[in-house]
Amino acid sequence: MERKTRVRFAPSPTGPLHMGGVRTALYNYLYAKQKGGTFILRIEDTDSQRFVPGAEEYIIESLAWCGISPDEGIEGGVVATQPSAQHPHAPYRQSQRKDIYQRYALELVAKGHAYYAFDSAAELEVMRSRAEGEGKTFTYNHEVRDSLNNSLTLNQEECAKRLSENHNWVIRYKMPVDRIIKMKDMIRGEIEVNSSTLDDKVLWKAADQLPTYHLANVVDDKLMEISDVIRGEEWLPSLPLHYMLYESLGWENLRPSFAHLSLLLKPDGKGKLSKRDGDRLGFPVFPLEWKNEQGEISKGYREEGYYPEAFVNMLAFLGWNPGTEQEIFSLDELVNAFSMERVVRSGAKFNAEKAKWYNQEYLRKKDTMELAKELMPILAEKGITKEPQYVCKALDLIKDRIAFVKEAWPLADYLFEAPTSYDPKVKAKFWNEQTPAIIGDLCKVLQESESFESSAIEELLPKYIKENQLPMGAVMNSLRLLLVGESKGPGVAEIMALLGREETLRRLAQEI
């Protein structure tokens, strides 16, 4: 019987969701939807010391903004905590499932695949310092475990005493010696690791009654019937342990397929993309704005004016390509085109300019009235009130030149209010003593023109200039200077038509 496709995105609520995490969620979503499967959101909050209030809500809101909707895990905007027909595997917070993990940790001990370790943090630190002094690295593994304070070296009576009196003990996995662990990754192919190179990882901690990531994610993946684990490559070193846990728990035939996604890299390709890179180079690395406990605000793609469709489209191409020239994909189109075979092994360099390009492409496709509704509050902050139809016409003139609606004001403020200063370089180049008389005469012609449509003005201006044997460049640039205040913008006729006859003539009558 073919296994149903069930994937999960399992972030830790330790801070804002990095765009690399959103990409992991996206790839899981695309993979599940293409195969008619289920996409699950699970909150892995077993690291109680790193938990950050508000981070879980941030994760949920980020996925919702991106349109990446979980099939399980979300109920009423929060992570489901009670089993139901829609959420049979609830709760989806690992902190609410801690009794489950302890049971499996104890089962591993009973089977001889794990053991109790009583070494204190201070004792382990002494051993690390001693090893460093000898130019070595201390590792809790098969070479040292038989000489440390654990249930492998202490008798049964002593172990029972320590288990009852001390609440700082842990359960460690007993990694076998000299075993070749053969693994398979959907992206990286066949992988082999000798177990003797691995340490005995902590699986469960008595101090907080919680498991570590390793045990919790394996147990939950099995119980939630996860068929494929798609996660970041930072978890690749943990894969041998996870393989061994499936085997030790008797779940070898239920082990999911694995795919480890490459890192998102800095723009220069040298290292993992971090918040510090974004702060230094001026671009967001988080989907939504984030305010930390110190009140420091980190930029978010949403607040910077990116459309969620553009953000998702850009993310999809950071590590995957469709094998065609097409670059603009809706979410449904990504579902149809996506394949793990075309996910690359090498890291993907982030390009901030390419991110803006995606947003510009989506902006151009949007209905102008929708863009006008975005721009009008920005205008209102400047004390400017314009009819929606006027704002639409203004945007039609400039939308090919902007990547964000917020850029409309600095780019084309002259379309909404008259200039108050005039570029002296343009004036020095094109303005002379005869210019005011020429402009005044031209204003009479514009006043008497039957039509003030841009097509009519485009005929009128060159005709007047040619008939009066005037220099075309000097006259047109002088007109633009009076209308705009500098040498920029769309065609003079288009500007005049938008401003209308009255406002055009008023601006042309200004003394500069």
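A few notes on this one:
- Taking 14, 504, 137 and counting other C-beta atoms within 10 Å, the order from fewest to most: 137, 14, 504
- What the Cβ-Cβ distance of residue 404 and residue 196 gives, at R0 = 60 Å and to the nearest 0.05, is a FRET efficiency of 0.65.
- FRET efficiency for residue 511 and residue 354, using Cβ-Cβ distance with R0 set to 51 Å, rounded to 0.05: 0.65
- Stretch gain in nm, segment residue 488-residue 179, where the contour uses 0.36 nm per residue and the Cα spacing is subtracted: 104.2 nm
- (1) 212; (2) 144; (3) 155, with the label sought being that of the calculated volume of the Cα convex hull per residue in Å³: (1)
- Between residue 156 and residue 128, the FRET efficiency estimated from the beta carbon spacing at R0 = 35 angstrom works out to 0.75.
- Distances between every pair of Cα atoms in the range 424-508, grouped in 5 Å steps from 0 to the bin holding the largest one, split as 3, 15, 29, 29, 19, 6, 1 percent.
- Long-range HN-HN contacts of residue 114 with modeled amide H, under 5 Å: 109, 174
- For the chain, the relative contact order is 12 percent, taking Cα pairs closer than 8 Å that sit 6 or more residues apart in sequence and dividing their mean separation by the residue count.
- Bins of 5 Å from zero: percent of alpha-carbon pairs in the range 96-261: 1, 8, 16, 20, 20, 16, 11, 6, 2, 0
- Take every DSSP beta bridge whose two residues both sit in the chain; close to 60 percent of them are antiparallel.
- For a paramagnetic label modelled on residue 167 (point 7 Å from Cα along Cα→Cβ), amide N atoms under 19 Å away belong, within the range 173-204, to 204.
- The string of couplings for the range 331-345 from the Karplus curve (6.51, -1.76, 1.60, θ = phi - 60°) is 4, 5, 5, 5, 4, 6, 8, 5, 8, 5, 5, 9, 7, 8, 7 Hz, one whole number per residue in order, with x for Gly and Pro.
- Charged neighbours of residue 416, selected by a Cβ distance under 9 Å, balance to 0 (K, R count +1; D, E count -1).
- Point-to-point label distance, residue 82-residue 366, nm (Cα→Cβ direction, 7 Å offset): 4.0 nm
- The range 265-405 shape via C-alpha gyration tensor axes, a/c threshold 1.5: oblate
Where a number appears in this text, it was derived from the coordinates with a stated rule and is not lab data. These numbers come from a predicted model, not from an experiment. Note that each Cβ is placed from the backbone with ideal geometry, even for glycine, and that neighbours are counted across all protein chains shown.
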